[in-house]
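Only one structure is covered here, and it is reproduced in the block below.
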Amino acid sequence: MNNLLLAWRLLKRDWHVGELRILIFALLIAVASITSIGLFTQRIQVAIQDQSGRFLGADLLLSSPQPVKQRYLQQASKLQLQTSQGIQFASVLVANDQFQLASIKAIDRHYPLRGTIKISAQLAGPETEQLHGPEPGQIWLSSRLFQQLNIDIGDRVELGETHLIASAHLQQDPGQAGNFLALAPRALMHMDDIPATGIVKPGSRLRYQYLFAGRHQQREAFERWLKPKLNTTDRLIGGKQGSLPLRSAMDRAEQYLAMASMLSVLLAGIAIAMAANRYSQRHYDQTALMRCMGASQSTLLQLYAIQVLLLGVLASILGCLLGYISQEGLVMLLADFIPSDLPPVNAQPFISGFISGIITLTGFSLPAILRLKTVSPLRVLRRELTPLPLSAFAIYSLALGSLITIMWWQSGNFKLTAIVLIGILAIAAILNVLSYTLMRMSTLLLTPLSGPWRSGLQQLIRHRQTNQIQILAFGMALMILITILLLRTDLLDRWQAQLPEQAPNHFVINIQTYEVKQVQDFFQQHQIHSEGLFPMVRGRISALNNEPVRQALNEQAREDESLKRELNLSWATHMQAHNRLTQGQWWQTTEHGQHLISIEQRLAQRLGIALGDRISFQIADQTITATVTSLRSVQWDSFQPNFYIIFPPGVIEQYPVSFISSFYLPPGNKQLINILIKQHPGVTVIEIDAIMNQVRSILTQATLAIEYVMLFVLFAGLMVLLASIQSSMDERLHEATILRTLGARKDFLRKTQLTEFSLMGLFAGILAVAGAELVAYGLYTQVFSLDFEPHIGMWLIGICSSMIIITISGLLSTRKVVQQSPMKTLQSI
């Protein structure tokens, strides 16, 4: 208790000292950044997932080939979740001696739990939204089925052993968005009519669907309870998982925010390390005196550790509070782009921010504090005695360990964390060499300069080692700021450009080979911009390296969704524009006809597939085996036709093939869809405007959020700048005192400082832009799958901004050096 009280009194006495304020403000910024981003991301993610339920008709959908255990539904009811049940199956509809295979879904009176069903009374008629499905005795059919069966509204169709009235055109069913590229003509009926059809019998191929909706906490609890109990044939998906473009957009938005948060923590950590080092140096004399009075090393360590802990707790609590306020400000800023009924905050981001603050402070300040216990009592008599520094390994291990812990914890992405850390360390080494080179080269400028300009340069050169560290710190801080700026102005702009206003909002599938030319002519005649027609063959992965696929894969990979269904296989001479090779080589013309494939990289990672592996596909009643020659990254949120597996031409053309395309159609031209269907009754047109609007909303939210987060990064960078200047304040005061004693005027000192800080800004700017280009190259090519181009304009803007920021900040921070009288400085020595 005595040590605690003494530590508190010492802390209050030191509060007026600059480096202590810098340390607590830097920690405040780091914790606020982590907390606010955590709160915002969590609430927005929950809200978006709630909205995404409109694409499934529920928040969660459980699909199984068998009726699930009754206790699953009882648990959902216990957690106050709404439930709905349905059955999906393929069957033949009959009318007017016409037979048509359809994908039929039987639903109960509660369906849909989220979203609405869109129907129309006629083919080209206006759509109306329904909160429930058809009544018993009725069936809603897609427009394609009306044409293929040659029926009108009110006619009867035969399904199994019963007849149903076709009472509406089914335009959109929430459940279709989960796999909108693999749809047959759809029909919706009531569950009560199933017994009369005689279709549901032992051995029937059915998918039982169970839908759940409710508050986020309840459905999360239900999902945690349910997942361990499901078998390999069951599928549990949510709104986000139901749409690849939506999932891709959300994942990338979270990556951007995680990146901004990690960089702000890194900057804050640098400022904390510099402030803690300065704090430690200022207490050498006090520690030596306490040693002379009998204080042991353990007592001293306890005193300073308690002070650091008190600072950490205080700053972390205030940082969590500031993070909450900042998150509320961000919600207000994005009020026009996010749902108004965001879920309440929970404790997890606050706990995360608080713990991260303590870890950051400990990792970056402990090395400096540990030096205090080694201060010799002889320093009272010999002030030149300084404690032995800790080994570089210990210092770097503590700082690096705390960084890795926080960055990995916050991002949840080891690859992203590793790339950022390795990149930062490598760039720090490169920039250190460049900084040393610039400092050595600056001596060439001494000859033509005179007066205060020469004095300023001499000041820079005289303390070459200290200034080199400061320039490196400035450069790293500015580099991170420039990198964040690139995230906003370049990466996000490129991402947004991938989804322009006239991005495809319709898919057309089931185009037969003989219809390709006719559909192309239709697009051309009506000036519809199409992304081209792509061939598609349905096939299932059956073996890997000549071993049955379920035996060749580990337990986790066996549960991958790609093994539970047929995949869309295609062939191409050239790679699609929104694909990028990550490994291997694309085939040459001479390799056409050979059994080779290119596979999407995430699918390859999930299944453990590598270059050179041989994959077998079951297509209809035949098997084909091909060798993996390349891996591709695919931008699923581009809304272009994309494929997991691509063959070279001349391999799978002989199998049953259909074609797929995507195109943009303005809202006022929707009648063209009906014309296309009339001319080609076999094709299916799928509207994806709702998903596109959701993705655009995510893009807007991510863009504005990163702009907001940049404030934290900017403040953290300023803390690095102030900590660096504060670390040399005593030395600057002493040198200014000597110059003033020798007759130097204040104007001379100001010009000297102007020269010094301008050159530091110039050198730091060069380091910052060079480092930012290296970091950007790694992020573009390895994380965000974008092409890299040098940023010529950033060199001029970055260097000029660096000189202005550092010069102004430096002059303001060192006003005391010019204004304080020599006598006052000498009295404080």
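The values are calculated or read from the model by the stated rules, or taken from the named source; none is laboratory data. The model shown is predicted, which means the values in this text are computed figures rather than measured ones. Heads up, the Cβs are rebuilt from the backbone with ideal geometry, glycines too, and the neighbour counts pull from every protein chain shown. Accessible surface areas use protein heavy atoms only, side chains included; no ligands, DNA or RNA. Shrake-Rupley method; radii C 1.70, N 1.55, O 1.52, S 1.80 Å.
Quick rundown of the values:
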{"read-out": "Residue under evaluation S261, criteria (1) at pLDDT 80 or above; (2) surrounded by 16 or more Cβ atoms within 10 Å (Cβ to Cβ), criterion not met", "value": "(1)"}
{"read-out": "Residue count, segment 350-403 (criterion: closer than 29 Å to I424 by Cα, in contact with a Lys or Arg (Cβ under 9 Å, 6 or more places away or on another chain) and either open to solvent by less than 60 Å² (accessible area, probe 1.4 Å) or at pLDDT 80 or above (or both))", "value": "2"}
{"read-out": "Failed item in (1) within 29 Å of the chain's Cα centre (by Cα); (2) over 23 Å from L779 (Cα atoms); (3) among the hydroxyl-bearing types (S, T, Y), with T573 passing the rest", "value": "(1)"}
{"read-out": "Criterion: without any contact (Cβ under 8 Å) to a residue 24 or more places away in the chain and farther than 16 Å from L170 by Cβ - qualifying residue of D97, D108", "value": "D97"}
{"read-out": "Among (1) within 16 Å of S813 (Cβ to Cβ); (2) modelled with pLDDT of 75 or more, the one test that M719 misses", "value": "(2)"}
{"read-out": "Checking Q654 against (1) under 24 Å from V516 (Cα atoms); (2) crowded, with 18+ Cβ neighbours inside 10 Å, the condition it does not meet", "value": "(2)"}
{"read-out": "Residue in segment 584-599 that is charged (D, E, K, R) and under 28 Å from the mean Cα position of the chain (by Cα) present", "value": "no"}
{"read-out": "Counted residues, segment 107-136 - those being part of a loop (DSSP other than H, G, I, E, B), farther than 27 Å from L676 by Cβ and touching a Ser or Thr at 6+ places or on another chain (Cβ under 9 Å)", "value": "9"}
{"read-out": "Per-region count, segment 582-606, residues open to solvent by less than 50 Å² (accessible area, probe 1.4 Å) and out of contact with any helix residue (DSSP H, G or I) (no Cβ under 7 Å at 6 or more places or on another chain)", "value": "11"}
{"read-out": "Pair list, Cβ < 8 Å and 6+ apart or interchain, from segment 1-30 residues that are closer than 24 Å to G323 by Cβ to residues that are outside any helix (DSSP H, G or I) and modelled with pLDDT under 75", "value": "R21/W15"}
{"read-out": "Positions within segment 404-418 being hydrophobic (A, V, I, L, M, F, W, C) and either open to solvent by 50 Å² or more (accessible area, probe 1.4 Å) or at pLDDT 70 or above (or both), in sequence order", "value": "I404, I406, M407, W408, W409, F414, A418"}
{"read-out": "Qualifying positions in segment 501-522 - in contact (Cβ under 8 Å) with a residue 24 or more places away in the chain and not in a helix (DSSP H, G or I)", "value": "Q502, A503, P504, N505, H506, F507, V508, I509, N510, I511, Q512"}
{"read-out": "Only listed residue being over 22 Å from the mean Cα position of the chain (by Cα) and either under 30 Å from Q640 (Cβ atoms) or modelled with pLDDT under 75 (or both), chosen from R488, R494, R464", "value": "R464"}
{"read-out": "Every residue from segment 106-117 that is more than 33 Å from the chain's Cα centre (by Cα) and surrounded by fewer than 24 Cβ atoms within 10 Å (Cβ to Cβ)", "value": "D108, R109, H110"}
{"read-out": "Every residue from segment 79-106 that is more than 14 Å from A213 (Cβ to Cβ) and part of a loop (DSSP other than H, G, I, E, B)", "value": "N96, D97"}
{"read-out": "Strands (runs of 3 or more DSSP E) wholly inside segment 523-635 containing at least 1 residues that are in contact (Cβ under 8 Å) with a residue 60 or more places away in the chain and touching a strand residue (DSSP E or B) at 6+ places or on another chain (Cβ under 8 Å)", "value": "534-544, 567-571, 579-584, 614-619, 622-634"}
{"read-out": "All positions within segment 533-570 that are polar (S, T, N, Q), within 32 Å of the chain's Cα centre (by Cα) and modelled with pLDDT under 90", "value": "N554, Q556, S562, N568"}
{"read-out": "Given (1) of a type in the set (A, V, I, L, M); (2) open to solvent by 20 Å² or more (accessible area, probe 1.4 Å); (3) modelled with pLDDT under 80, number of the condition V92 does not satisfy", "value": "(3)"}
{"read-out": "Of all residues making up segment 636-653, the number that are part of a loop (DSSP other than H, G, I, E, B) and either of a type in the set (F, W, Y) or modelled with pLDDT of 90 or more (or both)", "value": "9"}
{"read-out": "Of all residues in segment 608-635 being under 23 Å from the mean Cα position of the chain (by Cα) and modelled with pLDDT of 90 or more, the one that is surrounded by the most Cβ atoms within 10 Å (Cβ to Cβ)", "value": "R632"}
{"read-out": "Qualifying residue in segment 237-258 (condition: at pLDDT 75 or above, surrounded by fewer than 19 Cβ atoms within 10 Å (Cβ to Cβ), aliphatic (A, V, I, L, M) and more than 30 Å from I29 (Cα to Cα))", "value": "yes"}
{"read-out": "Leading residue by the ranking (nearest to N579 (Cα to Cα)) among those in segment 641-651 that are out of contact with any Asp or Glu (no Cβ under 7 Å at 6 or more places or on another chain) and surrounded by fewer than 22 Cβ atoms within 10 Å (Cβ to Cβ)", "value": "P649"}
{"read-out": "A121 being under 29 Å from L60 (Cβ atoms), at pLDDT below 85 and not basic (K, R)", "value": "no"}
{"read-out": "Candidates A32, A58, A76 - the one that is open to solvent by less than 10 Å² (accessible area, probe 1.4 Å), part of a loop (DSSP other than H, G, I, E, B), aliphatic (A, V, I, L, M) and modelled with pLDDT of 80 or more", "value": "A58"}
